1. Helix 105-120 versus the longest principal axis of the chain: what angle, 0 to 90°, nearest 10, using Cα atoms?
2. Please report PHE223, PHE48 as a ranked list, fewest other C-beta atoms within 10 angstrom at the top and most at the bottom.
3. Express the Stokes-Einstein translational diffusion coefficient of the stretch 194-242 in µm² s⁻¹, to the nearest whole number, given a Kirkwood radius over alpha-carbon pairs, 10 °C and a viscosity of 1.306 mPa s.
4. Below 14 angstrom from the Cβ of ILE16, what's the summed charge of the other residues (Lys, Arg +1; Asp, Glu -1)?
5. Between beta-carbons, use under 15 Å as the cut-off and find the net charge around PHE180, counting Lys and Arg +1, Asp and Glu -1.
6. Report the Cα-based extents of the chain along its three principal axes, largest first, to the nearest Å.
7. Per DSSP H run of n ≥ 4, the term is -39500 (n - 2.57); total these for the chain, divide by its residue number, and report the mean residue ellipticity at 222 nm rounded to 500 deg cm²/dmol.
8. Could you tell me the calculated FRET efficiency between ASP26 and GLU88, based on Cβ-Cβ distance and R0 = 35 angstrom, to the nearest 0.05?
Amino acid sequence: MRKQKTALVTGGSNGIGRATAQRLADDGFRLVTVDRAAPKELLQGELFCQADILDASQREDTVARIAREFEVDVLVNNVAVVKLAPVEDVALEDLQTSVDLNVVSGLRFSQAVIPGMKARGYGRIVNIASRAALGKELRTSYAATKAAVIGMTRTWALELAAHGITVNCIGPGPIATEMFRAANPPDSEQTKKIMRTIPVRRLGEPEEIAHAVAFFADEKAGFTTGQVIYVCGGMTVGLTPE
């Protein structure tokens, strides 16, 4: 009889994905991660699947492998890309890239694990969206696709609830990942401007997103589905979430 549950994290080698992988491993999950480059160091028992998810062939091969080889209890759709541009300069290629990675990948990995979840009468899907889904300058492609993630979350929650599968979503605000730090040095005016917009007056840490994921992933969270939690330091307070 299976006792140890399996968690799958896409984009699990860095940033929020890595912190989530670490937290789920600490919580006792058998861990499977997918990314185009391996993490600096594998966690104990971690099985890493290398794939460039933007490459449709590699993505589909990995989806098929997941469906064939693993009984996934918790799926975290984390992988994403941000393409910055003012609206008049948004390139259709960048929009398509955002759709492929931010939306299509989540759909395909979910489709890989849902049949098994249904068969076992249990599952947790956690989608990583963004506070930017509520609107943020220079992020037409990112905001549009992250809003789509929220819409998919709510739809899947309704479709899958009767099968013991919950589907929830996290909308991070500014998080101090390696990528964010590289684009926003601590002493830069841009970073200071961002900090002034955050009520708690600091950036979030990847581990704080992982903590929210762990809540949704828990067996005891079975009465919570179709929800979006903005882990954003209070930035969304007063904004209309829908």
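Computed from the coordinates by the stated procedures, all read-outs in this text should not be read as laboratory data. Given the structure is predicted, the values throughout are model-derived calculations rather than measurements. Here the Cβ is made from the backbone with ideal geometry for all residues, glycine too, and neighbour counts use every protein chain on show.
1. Tilt relative to the chain: about 30 degrees.
2. Values: PHE223 6, PHE48 18.
Listed from fewest to most nearby Cβ atoms, that is PHE223, PHE48.
3. Values: Rh = 12.5 Å.
D = 128 µm²/s.
4. Details: positive: ARG18, ARG23, ARG131, LYS146, ARG181; negative: ASP35, GLU178, GLU205, GLU207, GLU208.
Cβ neighbours under 14 Å give a net charge of 0.
5. Numbers: positive: ARG18, ARG131, LYS136, ARG139, ARG181, LYS192, LYS193, ARG202; negative: GLU178, ASP187, GLU205, GLU207, GLU208.
After counting each charged neighbour, the total is +3.
6. Result for the chain: principal-axis Cα extents of 56, 37, 35 Å.
7. Working: 8 runs with 96 residues, N = 242.
Helix-only estimate at 222 nm: -12500 deg cm²/dmol.
8. Details: r = 46 Å, r/R0 = 1.31.
Calculated transfer efficiency: 0.15.
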